[in-house]
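Right, one structure below, let's go through it.
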Amino acid sequence: MKRFLLIALGLMMLLAGCSTDVTEYRQQQPKLDIFNYFQGKTEAWGMVQDRSGKQIRRFHVTIVGDVVGETLTLNEHFVYDDGEKQQRVWHIRRTGSDRYEGTAGDIEGVATGQAAGNALNWQYSMHVKADGKTWLLHFDDWMYLQDGIHLFNKTEMKKLGVTVATVTLFFTRKEGV
């Protein structure tokens, strides 16, 4: 049993080192600048899948973004397929060239993000309610700009390094709103 645990731990560490680096996207166009993309109104449609790939929730989110100086505030309003409503307010600060930090009420500590080309990778931990409990999960959150209006988002939610759910969203920017 001890040998099995050591092998499993070694495999987990090896796989953790195989994650994509955001700089691999530096040549991809159009360039994603989240301050520009999220300024104004954006809508998104998404789903949550459990670790087996089964869809367990669907939702729609309306986002209003406001940029003041080096801070982007995102006011997000979620409506889930079961009627549940949720609001989250992000405060995102540009900390350097293509680097960001963000906070929100249900985020543990500070989210860190790095962009390159058409991609942005966020790393953060969030308190998530499920099955009558609140869990602290790590989010590996990737955004990919397709054109000036559409953006894909795929996030792995992890507990102790193991993916427990995946969130997929499709964003569309509302021009002139």
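Residues in the range 51-62 that are touching a residue at least 40 places away in the same chain (Cβ under 8 Å) and under 16 Å from the mean Cα position of the chain (by Cα): 1 in all. Contact map, the range 121-132: residues that are under 13 Å from Val110 (Cα atoms) paired with residues that are among the small types (Gly, Ala, Ser), Cβ distance under 6 Å, separation 6+ or inter-chain. Pairs shown: Trp122/Ala111; Trp122/Gly113; Tyr124/Ala111.
Let's see how each residue does on (1) within 21 Å of Val162 (Cα to Cα); (2) modelled with pLDDT of 95 or more:
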position	(1), (2)
Glu43	no, yes
Ile63	no, yes
Gly69	no, no
Phe78	no, yes
Arg99	no, yes
Ala116	no, yes
Lys129	yes, no
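Candidates are the residues of the range 33-72 that are part of a strand (DSSP E or B) and small (Gly, Ala, Ser); the one that is surrounded by the fewest Cβ atoms within 10 Å (Cβ to Cβ) is Gly40. For the range 73-108, the set of residues classified as in contact with a strand residue (DSSP E or B) (Cβ under 7 Å, 6 or more places away or on another chain), of a type in the set (D, E, K, R) and not in a strand (DSSP E or B) consists of Asp81, Asp98, Asp106, listed by residue number. Residues that are assigned to a strand (DSSP E or B), touching a residue at least 24 places away in the same chain (Cβ under 8 Å) and more than 16 Å from the chain's Cα centre (by Cα) within the range 133-161 comprise just one, Trp135.
The values are calculated or read from the model by the stated rules, or taken from the named source; none is laboratory data. Only a predicted model underlies this, so the values are computations on that prediction, with no experimental measurement involved. Glycine gets a Cβ as well: all are built from the backbone with ideal geometry, and neighbour counts include every protein chain shown.
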